[in-house]
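Please read the structure below before turning to the comments.
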Amino acid sequence: MHHQCTTSLAALLLLLSPTTFAAAMPQSGPVAPMAKPVCKSAAIAIAAKRAPDCSMARCTDDGKLSLLGAPEQCMKNCECPVPSQGMEVNSTPGISPAPVVKGNPVGTTYTATLPENEKSGIRGFVSGSSSADGQGVVFTIELSGFPDNLGPFSYHIHDQPVPADGNCTATKAHLDPYKRGPMPPCNSAQLQTCEVGDLSGKHGKINPLRKQGKTNHPEKVRGNVVTNSFGAKYTDLYLSTMEGSQSFFGSRSVVIHQRDSTRLTCANFVLA
């Protein structure tokens, strides 16, 4: 009698919905992880059978890859974000924390040199080089000529390059392959949760220092002047110098914004 009741209940739950049935029946194993890994397989390569289809693979909440029926090759082709202490992996569909980038080609450097722009007065460069171990990118920033009373200034890697006419608006939004979006603001204690291209959100805004320096600007008197300058050097683990990577910045641009987000100047990254 008990067996018949159990069977009838199971059949009824299946009629209601598979999800209801699964939730009602005892769980015999761990709950399947939800976060999606970052895989190098492009859709076109999968269709041409040049790369494995890793869409079934998922990440556990401790950052390990679970195949869940995906091909074994996915173990080499996919990466899971490494969650920081006390942080849960984001399992919202289409949104994942950025993974630490490994395997960047050592010795590769991309530099964006700002144009001579009398309107903004800002000059200098933002340069990114593969780290010595291929993990992440070392950025070196040297800028000067910031206008007074418009800071602090933010700066980001934008998704599109600057067109020939120099229109910074055409660079579109920040580089954001994991669909995080600009709001809420980046939490610098959890860099993997920020937009990949949000350099100032992750590493600090530009607060220029007034200092004595030199200028070689052809339209100004050469010699000692007071300049509003900024310099920084840091490693960003979530950007890539490897073409084809979702976090590759070498074909994109850097844009500098004043305090109200107005775009002041921009430049394309080029291979050094």
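The values are calculated or read from the model by the stated rules, or taken from the named source; none is laboratory data. All figures in this text were calculated on a predicted structure; none of them were measured in a lab. Glycine also receives a Cβ, built like all others from the backbone with ideal geometry; neighbour counts cover every protein chain displayed.
Scanning segment 105-129 for residues that are over 21 Å from the mean Cα position of the chain (by Cα) and in a strand (DSSP E or B) turns up 113, 123, 124. Considering only residues in segment 130-171 that are free of Cβ contacts under 8 Å to residues at least 60 places away in the same chain and either in contact with a His (Cβ under 6 Å, 6 or more places away or on another chain) or part of a loop (DSSP other than H, G, I, E, B) (or both), the one that is surrounded by the most Cβ atoms within 10 Å (Cβ to Cβ) turns out to be 134. Looking only at residues of segment 172-211 that are among the polar types (S, T, N, Q) and part of a loop (DSSP other than H, G, I, E, B), we find that the one that is surrounded by the fewest Cβ atoms within 10 Å (Cβ to Cβ) is 207.
Would a scan of segment 214-228 turn up a residue that is surrounded by 12 or more Cβ atoms within 10 Å (Cβ to Cβ), of a type outside the set (A, V, I, L, M, F, W, C), under 22 Å from residue 142 (Cβ atoms) and modelled with pLDDT of 90 or more? No - not one qualifying residue is present in segment 214-228.
Among the residues examined, residue 53 qualifies as assigned to a loop (DSSP other than H, G, I, E, B), modelled with pLDDT of 70 or more and in contact with a helix residue (DSSP H, G or I) (Cβ under 6 Å, 6 or more places away or on another chain).
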